[in-house]
Every structure is written in structure tokens, then in C-alpha cells.
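Written out below as C-alpha cells is the structure these notes cover.
The values are calculated or read from the model by the stated rules, or taken from the named source; none is laboratory data. In this text the structure is predicted, and so the values were computed from the model without any measurement. Here the Cβ positions follow ideal geometry from the backbone for every residue, glycine too, while neighbour counts run over all protein chains shown.
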Amino acid sequence: MGTEAARRIDGTVADALSDADRVGAGIRRWQREFPGIDSSGKAIVGRLLHLNEVYLAAINKTLARHKLKYPAFAVLATLRVEGEPYRMSPKALLDTLILTSGGLSNLLRRLEKAGYIRRFADATDGRGVVVELTELGRRVVEPAMRDHAETERRLTAILSGPDREAVERGLALLMIGRA
């Protein structure tokens, strides 16, 4: 988005953006061709889907400098922010990440093979497993976390303080109310 478009963004975000993005153009086509369908959700959902692609590409570009992709980074960073001893059960990891259990199992296998994590039997639950971040995993993920946070700041820098708070609140509400 150019600086002129950015300057126009204020309390009339919908008006300022209606001509500035492909989702706005798509919404207008939907309204023209299907005026009886309420397609107002596309203003948010369509943009979220588009931004997911744009942001994930930028994040993966940053993480590539650390030889990581986002899913692996997410596991390692989640273990790191858990605090010492940097351990979680696979179930606890699954509850914090957006992965399937099969996807997580495969990812944990690859991370263990790379030496970033280790898995061992849970002493408190004979059937359970614990996933632990290794020293090598810490050395890889900590600088990646700094670069990742900087990329996130850069991707959201166009938002003013009040706009940022409104977006954060709105997205939090959408997360809580998700189907």
C-alpha cells in the first residue's frame, strides 16, 4: 500500500480501503452479481485469508535465515517461552499450536532428528511423553524469535496505536467466538 493510501486510513477505513485491495474489488463483484447474499463477512474473512498468505511468506523468509519454517519455529518458540526446563507434553503443545496431532508427531520427529528437541517418557504418567527443547534448539530459536518479532512489528507498523488496539481486540473477539 502506498503512502497516499496509508495517509487516507483513519476513521473511515472501509471507505479508504474499498478501492485499495483485491478483497474490496471481490466484494463489489459479489454484491453486483448476488445482491441477495449478505457477503459482508468477506470484508474481514477475505482479508484475513489474504494476509495469512502474505504474512506467512514474510515470516518464512525471515525464518529461512535460521533454517526454520513457521511450524517448526512455533514448536521451538512455544517450548522456549514455557520457561525452564522448556518442557511440555505433546497434548499441551497441540493445544497451543494450529496443527493436527499427526502433523505435530511428524514435526516432532523431524525436530528430534535435527537435535532441537528430545522426547522422553513422562515420569508422572507412564503412558505419556515429554518434549524438551535442547541446548541446540535454544541456540537456534532464540535469535529466530528476535528476528520473527521484528518481522511482525514491520508487518503491522502501518497501524497507529489506537488502530492496533482495535485490531487486536477485534481479532481476539473473533478467536473467542470462532466456530
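Total residues in the stretch 101-132 satisfying the condition of being of a type in the set (A, V, I, L, M) and under 20 Å from the mean Cα position of the chain (by Cα): the figure is 4. Within the stretch 129-175, the set of residues being part of a helix (DSSP H, G or I), under 29 Å from Glu84 (Cα atoms) and aliphatic (A, V, I, L, M) comprises Leu136, Val140, Val141, Ala144, Met145, Ala149, Ala172, Met175. Under the condition of being more than 12 Å from the chain's Cα centre (by Cα), under 24 Å from Leu155 (Cα atoms) and loosely packed, with under 13 Cβ neighbours inside 10 Å, the residues counted in the stretch 31-88 number 6. The conditions of being under 19 Å from the mean Cα position of the chain (by Cα), within 20 Å of Leu68 (Cα to Cα) and of a type in the set (D, E, K, R) are not met by Glu135. Just so you know, in the stretch 72-98 the residues that are under 22 Å from Ile59 (Cβ atoms) and charged (D, E, K, R) include one that is modelled with the lowest pLDDT, and it is Asp95. For residues that are surrounded by 11 or more Cβ atoms within 10 Å (Cβ to Cβ) and basic (Lys, Arg), scanning just the stretch 147-179, find the one that is nearest to the chain's Cα centre (by Cα). Among residues in the stretch 147-179 that are surrounded by 11 or more Cβ atoms within 10 Å (Cβ to Cβ) and basic (Lys, Arg), the one nearest to the chain's Cα centre (by Cα) is Arg154.
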